[in-house]
Amino acid sequence: MSSDREQVLREMGLGPVWKLRVEAVAAPGEERVAATPAAPELVPDGVAWSAPAIVTATSPLSMPWEELAATVAACRQCRLCEARKQAVLGVGDVNADWLFVGEGPGAEEDERGEPFVGQAGKLLDSMLAAIGLKRGEDVYIANAVKCRPPENRKPADEEVAACRPYLEQQMELIRPKLIVALGATAAQTLLQREIRIGAERGKLHDWRGVPLIVTYHPSYLLRTLQDKAKAWEDLCYMRAAMQALRSA
Ligand code: URA
Ligand code: SF4
């Protein structure tokens with residue numbers, strides 16, 4: 001294993017899990033290195049791919065950032081407004097090539113007004129670091145719903161639907177090169193169908209002409225150590241996809 005790879009795995013907190021797997025399959029004295037996934041082909045769902053189109057204005061909203069921020073801060077379109085301390089719009093570079101979309105704010109996010117600042121956020125930051133990214137630098141982070149669901153429950157379908165125009169407006173303003181949906185809620189919100197992450201990861205999907213990759217939610221990874229190695233594969237895949245998109 002190259003020291004580069006070890007460094008990346010360490011940053012992701014993957015070292016021990018990865019090692020266990022490798023040791024389990026290697027014969028004594030034999031070193032086995034898990035394969036890096038091949039660079040993705042830029043063909044979403046079998047359709048010929050061209051350079052990502054600029055996101056077209058199909059959202060019912062059409063507002064600049066300041067108006068969007070003020071509208072979300074005052075929004076009462078669903079019952080999640082009732083228990084929130086504040087709505088959490090998103091954080092980062094509004095000209096980012098990378099857009100990460102999670103599910104919804106938790107307690108710390110609700111308190112601080114920034115997405116992914118709790119435990120899951122620490123893991124997300126490590127995952128970003130593993131592919132040379134940093135919150136706020138060419139990266140924007142948002143959520144499917146902007147207000148905290150009480151008791152950290154999953155947001156209900158009608159809550160996600162009520163909030164979706166805000167996310168879509170953010171995406172149109174940012175026009176990222178690549179969208180990463182973290183977990184099924186984000187993936188379903190954006191792709192508008194039932195998604196099982198295990199079945200849909202490692203593919204290039206399409207959101208209105210913008211390539212989209214789905215991967216596990218960091219909170220899920222905190223509970224499910226064995227899937228961290230798959231998350232590492234997904235990170236390699238998204239990094240390769242971005243390289244390919246930039247050179248397309
Ligand atoms: N989980 C999310 O999906 N979003 C956050 O902002 C924090 C935790
Ligand atoms: Fe409005 Fe979204 Fe908050 Fe619901 S979750 S109140 S739609 S900002």
Which of the numbered conditions does ILE174 fail, given that it passes all the others? Conditions: (1) of a type in the set (A, V, I, L, M); (2) within 14 Å of the chain's Cα centre (by Cα); (3) under 21 Å from GLU66 (Cβ atoms).
(2)
The residue from ILE131, ILE141 that alone is closer than 26 Å to SER247 by Cα and within 12 Å of ligand 1 (Cβ to nearest atom) is ILE141
Segment 134-248: helices (runs of 4 or more DSSP H) wholly inside it with 3 or more residues that are touching a strand residue (DSSP E or B) at 6+ places or on another chain (Cβ under 7 Å) are 157-174, 184-191, 228-247
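Being closer than 17 Å to TYR237 by Cβ and either within 14 Å of the chain's Cα centre (by Cα) or away from ligand 2 (no atom under 16 Å from the Cβ) (or both) narrows it down to one of LEU190, LEU167, LEU212, so name that one.
LEU212
Bear in mind these aren't lab numbers, they're just calculated from the coordinates by the rules spelled out. Bear in mind the structure is a predicted one, so any value in this text is a computation, not a measurement. When we count neighbours, we look across all protein chains shown, and the Cβ atoms used for this are built from the backbone with ideal geometry, even at glycine.
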